[in-house]
């Protein structure tokens, strides 16, 4: 999970962990990418904030998919994301969530995405 806000990473990690998911949380996209390279087998779904420093969520998604092609990607943003940005992304995104998102919705989306 990548997000530039530490409190969101902590809240989402705690919520998803309570539902049986192993969650790695990062506020630095470069560290998230390095961790996914080293631990690719542990990545089934990656929830990424679109607007992150160092490397934006679209770039991180493409890099994760290059490492782990079957990883499911869920992008999230509080900002407006235009269709062109998604068209330019050369990888499939499983879902998009608009911030703020409540925990129940997040868990439901993760569960649904993992099942499909």
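Do we find that residue 77 is in contact with a strand residue (DSSP E or B) (Cβ under 7 Å, 6 or more places away or on another chain), farther than 24 Å from residue 112 by Cβ and touching a residue at least 24 places away in the same chain (Cβ under 8 Å) in this structure?
For residue 77, the condition - in contact with a strand residue (DSSP E or B) (Cβ under 7 Å, 6 or more places away or on another chain), farther than 24 Å from residue 112 by Cβ and touching a residue at least 24 places away in the same chain (Cβ under 8 Å) - is not met.
Picking from 101, 107, 64, 93, which residue would you name as being modelled with pLDDT under 95, in contact with a helix residue (DSSP H, G or I) (Cβ under 9 Å, 6 or more places away or on another chain) and within 21 Å of residue 6 (Cβ to Cβ)?
After applying the criteria, what remains is 101.
Among the residues of the range 76-84, is there at least one that is over 18 Å from residue 16 (Cα atoms), within 11 Å of the chain's Cα centre (by Cα) and either modelled with pLDDT under 90 or not in a loop (DSSP other than H, G, I, E, B) (or both)?
yes
Within the range 20-40, restricting attention to residues that are under 23 Å from residue 108 (Cα atoms) and loosely packed, with under 13 Cβ neighbours inside 10 Å, which residue is nearest to the chain's Cα centre (by Cα)?
For the range 20-40, the residue satisfying everything is 22.
Considering only residues of the range 35-45 that are assigned to a helix (DSSP H, G or I) and in contact with a strand residue (DSSP E or B) (Cβ under 9 Å, 6 or more places away or on another chain), which is nearest to residue 113 (Cα to Cα)?
Once the filter is applied, the top-ranked residue is 36.
Which condition number does residue 10 fail, the rest of (1) surrounded by fewer than 15 Cβ atoms within 10 Å (Cβ to Cβ); (2) in a loop (DSSP other than H, G, I, E, B) being met?
(2)
The values are calculated or read from the model by the stated rules, or taken from the named source; none is laboratory data. Quick caveat, the model's predicted, so the values are computed rather than measured. Positions of Cβ are generated from backbone atoms using ideal geometry, with glycine treated the same way; all protein chains shown enter the neighbour counts.
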